[in-house]
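Notes for the one structure printed next.
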Amino acid sequence: MIQKNNLRFSILVVFLINFILLCVHTSSAQQKRKILIKKADILISEEWQDTTVNLLRGNVILEHEGALMYCDSAFLYEQLNSFDAFGNIHINVSDTLNLFGDVLFYDGNTRIAEVHYNVRLIDKTTTLYTQHLFYDRNLEIGHYPDSGRIVDKDNTLTSRNGYYFSRPREYRFRENVVLQNPDYILVTDTLDYDTKTRIAYVKGPSTITGKERYVYAEDGWYDTQNEIVSLKTHVFMRNKDRTLKADSVFYNDKIS
């Protein structure tokens, strides 16, 4: 009987220790996720519908898990762990990634930022311009649902909607995609663009129109920096008075 009681007591102790550790871990995690006020010229706190609302004005800086967020004014909802910000929005996501706009809705629980109006996403050599951008800090993916323009040193690319993957620094463009370069215009419905290598990958009916050449294909890639082209599937080329039909084509624009 004594042994059974000791066993029960040991199990109870282990359960209580695990429960306490879980509570401490949960509390620590929740505290870590809390949005912090770093700076504001004016701070007014009020209670509204079971949550504390902080009205922040003037040189506002908020911080959440390593990201600094700047604005002219904001409403911070403490219990909801979210805020609405207005005017001169700037999110410093990382050393190389900065996001700007006029209005920001940020949820500290999901780590998703909605930036609206005059949006600019700047990452080293490229800048994305759009009116609405949703950025998921967990997945490090940005999505614009309606019309965007991306500009780098040599190219301007527009599309109806698209995605930006910040870790590999790649864009995926969908619908009405147009890539413009001083030497050609590429039109397609699906294009992936690697900002590091400046290679554009196309899938589906695509055309490349240059000063003296017209190209049609349904699969392939174009190295915009070195002007190397690899195309396949129903390839058709017209260059001055010559035409070519093939299953696949590989050529260098600099020497062809």
For the chain, built as a Gaussian network whose Cα springs stay under 10 Å, the top-fluctuating residue of Leu191, Leu244, Leu231: Leu244
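Order these by the 10 Å Cβ neighbour count, fewest first: Trp48, Trp221.
Going from sparsest to densest Cβ surroundings: Trp48, Trp221.
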Principal semi-axes in Å for the chain [√(5λ), Cα gyration tensor, largest first]: 51, 27, 13
Charge dipole of region 36-124 about the Cα centre (unit charges at C-beta), most positive-ward option of Thr52, Ala85, Asn118: Asn118
Added length on full extension, which subtracts the Cα-Cα distance from 0.36 nm per residue, Leu80 to Asp152: 22.1 nm
Helix-only [θ]222 nm of the chain, DSSP H runs n ≥ 4, -39500 (n - 2.57) each, per residue, nearest 500: -4500 deg cm²/dmol
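For an R0 of 35 angstrom, estimate the FRET efficiency from the Cβ-Cβ distance between Tyr216 and Ile141 and round to the nearest 0.05.
0.65
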Trypsin sites (Lys or Arg not before Pro) restricted to region 162-222 and DSSP loop, no more than 12 other C-beta within 10 Å: Lys196, Lys211
Candidates Thr130, Thr243, Thr188: whichever shows maximal mean-square fluctuation once the chain is modelled as a Gaussian network with Cα springs under 10 Å: Thr243
Size of charge dipole - the chain - debye, nearest 20, with Cβ of Lys, Arg +1 and Asp, Glu -1, no other charges: 740 debye
Helix 2-32 vs. the chain, principal-axis angle (Cα, 0 to 90°, nearest 10): 50 degrees
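Per 0.36 nm of contour for each residue apart, how much would the distance between Phe105 and Gln180 grow if the chain were fully extended, relative to their Cα-Cα spacing? Mind dumping the intermediate values first?
On the way: separation 75, 0.36 × 75 = 27.00 nm, distance 3.30 nm.
The Phe105-Gln180 span can extend by a further 23.7 nm.
Taken together, the values in this text are just the output of simple stated rules run on the coordinates, not laboratory data. Because the structure is predicted, anything quoted here is derived from the model rather than measured. Every residue, glycine as well, gets a Cβ built from its backbone with ideal geometry; the counts of neighbours run over all protein chains shown.
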